[in-house]
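K.L.:
If you scroll down you'll find the structure; I have some questions about it.
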Amino acid sequence: MPAKVSQPPNPARRSETARRAILSAAIGLVGEVGYAKFSIEAVAQAAGVGKQTIYRWWSSKGALLFDAFLSFAGEGEAAALPDTGDLAADLKLVLRATVDELADPSTDLAMRAMNVEIVNDPALAAEYAARLDGPMRELKRERLRAAVRAGQLAEDTDLDTAVDLLWSPVLARWLHRTGP
């Protein structure tokens, strides 16, 4: 009987396992210690990887945190906003879901930290615009386009301004802690 030859571990599998461990550790740590004490070193230790592994994949702790959010939020899995034919009811449903997400104590501090990084890091801001804000804004505009086609909004409605007017008050109250 021939000797069994040991196969090396699949590097793609090992990398994906390490990536998931890093992303999970990042979300957990930032919620536990806050962003000021959140560090690549702490993430590496919690994930059981070297710092160089993290820096190979992410340029900063802000980029790491953003990727972690997208990963656990299901990047690319966004669906169209509801269209029941009742624009007001559909918007209330989506805005309430947004409020619930922002008010979740398990991610509140991490999301605030991510917003600070987006403000201070132009490269991260561009990535946020391309990977999250842009696609979400398009989903919102598409729902408003359907409302225009249904005669529920005027044909000359500026869809970008409408999106801003609907979501910005919620985000401003959350970010500035000026109301529930």
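The values are calculated or read from the model by the stated rules, or taken from the named source; none is laboratory data. Source: prediction; values computed, not measured. Quick note on the areas: whole protein, heavy atoms, side chains included, nothing else; ligands and nucleic acids left out. Shrake-Rupley method; radii C 1.70, N 1.55, O 1.52, S 1.80 Å.
K.L.:
Express in nm, to one decimal, how much length is gained between residue 158 and residue 17 on full extension, taking 0.36 nm for each residue of separation and deducting their alpha carbon distance.
P.N.:
Fully extending the segment from residue 158 to residue 17 adds 46.3 nm.
K.L.:
I need to check one value: relative contact order of the chain, counting alpha carbon pairs closer than 8 Å and at least 6 residues apart, in percent.
P.N.:
Averaging sequence separation for qualifying contacts and normalising by length gives 21 percent for the chain.
K.L.:
Output the 0 to 90 degree angle, nearest 10, between the alpha-carbon long axis of helix 61-73 and the longest principal axis computed from the alpha carbons of the chain.
P.N.:
70
K.L.:
Could you work out what % of the accessible surface of the chain is carbon and sulfur, using a 1.4 angstrom probe and leaving DNA, RNA and ligands out of the count?
P.N.:
The computed percentage sits at 57.
K.L.:
Sorted from largest down, what three extents in whole angstroms do the Cα atoms of the chain have along their principal axes?
P.N.:
76, 46, 27
K.L.:
Nearest 10 degrees is fine. How inclined is helix 159-176 to the longest principal axis of the chain, computing both from alpha carbons?
P.N.:
For helix 159-176, the angle is close to 60 degrees.
K.L.:
Related question: What is the stretch 87-176's relative contact order, in percent, from Cα pairs under 8 angstrom and six or more apart in sequence?
P.N.:
Result for the stretch 87-176 is 31 percent.
K.L.:
With N set to the number of residues, divide the alpha-carbon radius of gyration of the stretch 11-73 by 2.2 N^0.38 Å and report two decimals.
P.N.:
0.99
K.L.:
I've got another one for you. Amide H to amide H under 5 Å from residue 153: which residues, 5+ apart in sequence or cross-chain, H placed 1.01 Å off N in plane?
P.N.:
Sorted by chain and number, the residues that satisfy this are 148.
K.L.:
By how many degrees, 0 to 90 and rounded to 10, does the Cα axis of helix 87-102 deviate from the longest principal axis of the chain?
P.N.:
Taking Cα atoms only, the helix is inclined about 30 degrees.
K.L.:
OK, next. Using the Karplus curve 6.51 cos²θ - 1.76 cosθ + 1.60 with θ = phi - 60°, work out ³J(HN,Hα) for each residue of the stretch 125-141 in order, rounded to whole Hz, and write x for Gly and Pro.
P.N.:
With the stated coefficients, the stretch 125-141 comes to 4, 5, 5, 4, 4, 6, 9, 10, 4, x, x, 5, 4, 5, 4, 5, 4 Hz.
K.L.:
Taking only DSSP H segments of four or more residues, each worth -39500 (n - 2.57), what value at 222 nm results for the chain once the sum is divided by all its residues, to the nearest 500 deg cm²/dmol?
P.N.:
Taken over the chain, the calculation gives -21500 deg cm²/dmol.
K.L.:
With a 1.4 Å probe and every protein chain left in place, work out the accessible area per residue of the stretch 80-176 in Å², rounded to a whole number.
P.N.:
59
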